[in-house]
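Chemist: Structure below; questions to follow.
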Amino acid sequence: MPTSRSVPASTPDRAGLARTLSNWFAHAARDLPWRAQGTSPWAVLVSEFMLQQTQVDRVIPRWTAWIERWPTPSALAAEVPGEAVRAWDRLGYPRRALWLHRAAVEIATLHGDVVPRDVQQLLALTGIGPYTARAVAAFAYGEHHPVVDTNTRRVLARAIHGIAAAGMPRSTDLDDMAALLPPDPAEAAVFNAAAMELGAIVCTARTPLCDACPIAAWCEWRGAGYPDNSPEKRPKQAKFEGSDRQARGRIMALVRRSAEPVSRDAALNAARGKHREPHDVTQPQRAYDSLIADGLIVELEGRAQLP
DNA sequence: TTCCGGGCTA
DNA sequence: TAGCCCGGAA
């Protein structure tokens, strides 16, 4: 790995980078519904929960229906958790539907039905971590915080550190971003969004569109000739086919679409899929048990249903 | 057909 | 640190 240059001394015109990127965002930003004027903090929070693991195009219809049905935290909190799981549909990682429901209960009961604006209070809510807490504070309330998601981390790695790909999250990510933020809170919020947007649609992981990049002139990675200097790759993701994840997803799909509780046998059969692969005979039961442990299904008299 | 992105919890 | 879901990109 090349020695990184002594950090800020020789780096040019950071304010120019921020200004240029924000100007680009003003015309290039996708027209996403949660970016509309007047979107409530709750609606912003819901969008961030959904976007934690799911691409924008798949989130939009679920988010729209969710906000229409549950326009406030207390509206969701009044439902049983299973309704949140069902409405989550196939967004993936359904534990997050449970967490969002729990967060709604916490906001309704502990915060007077008002989404907190303080990062520490946001972090204390179920399912909210460092990214989501700062995203809500910055985008819903205009608070001055660095917001760093995986897209921003990749932009920082390339533009600031000259490294082809971001590795594991670094302790310096938030400091790096904070150093770039304009002092004005509203401008800082725009810049946070702009950096994420650049990572999402231009500075992409696999095929970055460097010719179309508005901050190419500032990019250390480009300046170095696009070296293939990534640190170790992140551990490769296990195959989905044949995985416990897949088995869990199949059970959840069955339980979500069933108006009535389903028998345990039906659930275990669903876990096996069409091919009835016998490679791991313990998997269906393991998947079933793990869903119960996660609270995503409950079993009553040998029948499984949403909580 | 395979690969991989995405933040959080325990 | 591992585990979690699905769909679109390669």
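Chemist: Can you tell me, using C-alpha contacts under 8 Å and at least 6 residues apart, the relative contact order of region A:36-150 as a whole percent?
Modeler: Once normalised by length, the contact order is 28 percent.
Chemist: Dipole of chain A, Cα-centred, from +1 at each Lys and Arg C-beta and -1 at each Asp and Glu C-beta, to the nearest 20 debye?
Modeler: Using Cβ point charges on Lys, Arg, Asp and Glu, chain A gives about 900 debye.
Chemist: Could I ask something else about it? Defining a contact as two alpha carbons under 8 Å apart and six or more residues distant in sequence, what relative contact order in percent does chain A show?
Modeler: 17 percent
Chemist: Another question, then. So what does log10 I(q)/I(0) come out to for region A:152-307 at q = 0.15 Å⁻¹, using the Debye formula with one equal point on every Cα and no solvent?
Modeler: Those come out to -0.79, one per q.
Chemist: Let me ask you something else. If all Cα-Cα distances of region A:57-175 are sorted into 5 Å bins from 0 onward, what percent lands in each bin, rounded to whole numbers?
Modeler: 2, 11, 17, 19, 19, 14, 10, 6, 3, 1
Chemist: Once each part is reduced to its C-alpha centroid, what is the distance from region A:72-96 to region A:256-307 in angstrom?
Modeler: 19 Å
Chemist: Oh, and also: Scaled to the compact-protein estimate 2.2 N^0.38 Å, what is the alpha-carbon radius of gyration of chain A, rounded to two decimal places?
Modeler: Taking the Cα Rg and dividing by 2.2 N^0.38 Å, one obtains 1.13.
Chemist: So, how do all the Cα-to-Cα distances of region A:244-305 break down into 5 Å bins, in percent, from 0 on up?
Modeler: Using 5 Å bins, I get a P(r) of 4, 21, 35, 25, 11, 4, 0 for region A:244-305.
Chemist: Please build a GNM for chain A, connecting alpha carbons under 10 Å apart, and tell me which residue among A:ALA178, A:ALA166, A:ALA65 fluctuates the most.
Modeler: A:ALA65
Chemist: How large is the accessible surface per residue of region A:244-305, computed with a 1.4 Å probe and reported in Å² as a whole number? Write out the running numbers ahead of the final one.
Modeler: Numbers: 3510 Å² over 62 residues.
Dividing the accessible area of region A:244-305 by its residue count gives 57 Å².
Chemist: So, one more: For chain A, what are the DSSP H helices with axial Cα length of 18 Å or more and mean Kyte-Doolittle hydropathy of at least -0.5? Kindly include the intermediate steps, with their values, before the conclusion.
Modeler: Values: long enough: A:14-28 (21 Å, -0.06); A:56-69 (19 Å, -0.39); A:95-110 (22 Å, 0.34); A:185-201 (24 Å, 1.02); A:244-257 (20 Å, -0.85).
Those that pass (Cα extent of 18 Å or more, hydropathy at least -0.5) are A:14-28, A:56-69, A:95-110, A:185-201.
Chemist: Determine ³J(HN,Hα), in whole Hz, for all residues of region A:30-35 in sequence, where each value follows from phi through the Karplus function 6.51 cos²θ - 1.76 cosθ + 1.60 and θ = phi - 60°; x replaces Gly and Pro.
Modeler: With coefficients 6.51, -1.76 and 1.60, one gets 5, 8, 8, x, 6, 8 Hz.
Chemist: Which is the longest part of chain A that has none of the trypsin sites (Lys or Arg not before Pro) sitting in a DSSP loop with at most 12 other Cβ atoms within 10 Å?
Modeler: Answer from the scan: A:91-205.
Chemist: Sticking with this one: Rounded to the nearest Å, what's the spacing between the alpha carbon centres of region A:137-185 and region A:115-132? Just the number, please.
Modeler: If you average the Cα positions of each part, the centres end up 18 Å apart.
Chemist: A further question on this structure: Using the heavy atoms of the protein chains and a 1.4 angstrom probe, tell me the accessible area per residue for region A:33-141 in square angstrom.
Modeler: On a per-residue basis, 44 Å².
Chemist: Next up: Around A:ALA304, which amide H atoms from residues at least 5 apart in sequence, or from another chain, sit under 5 Å from its own amide H, with H modelled in the peptide plane?
Modeler: Those lying under 5 Å, H to H, from A:ALA304 are A:VAL262, A:SER263, A:ARG264.
Chemist: Using a 1.4 Å probe on the protein chains only, how many percent of the accessible area of region A:33-141 belongs to carbon and sulfur?
Modeler: 52 percent
Chemist: Right, another one. What is the percent carbon and sulfur in the accessible area of region A:244-305, measuring with a 1.4 Å probe over the protein chains and ignoring ligands? Please list the in-between numbers first.
Modeler: Values: 1790 of 3510 Å².
Ligands and nucleic acids excluded, carbon and sulfur reach 51 percent.
The values are calculated or read from the model by the stated rules, or taken from the named source; none is laboratory data. These numbers come from a predicted model, not from an experiment. Note that each Cβ is placed from the backbone with ideal geometry, even for glycine, and that neighbours are counted across all protein chains shown. Heavy atoms of the whole protein, side chains included, go into the accessibility calculation; ligands, DNA and RNA do not. Shrake-Rupley method; radii C 1.70, N 1.55, O 1.52, S 1.80 Å.
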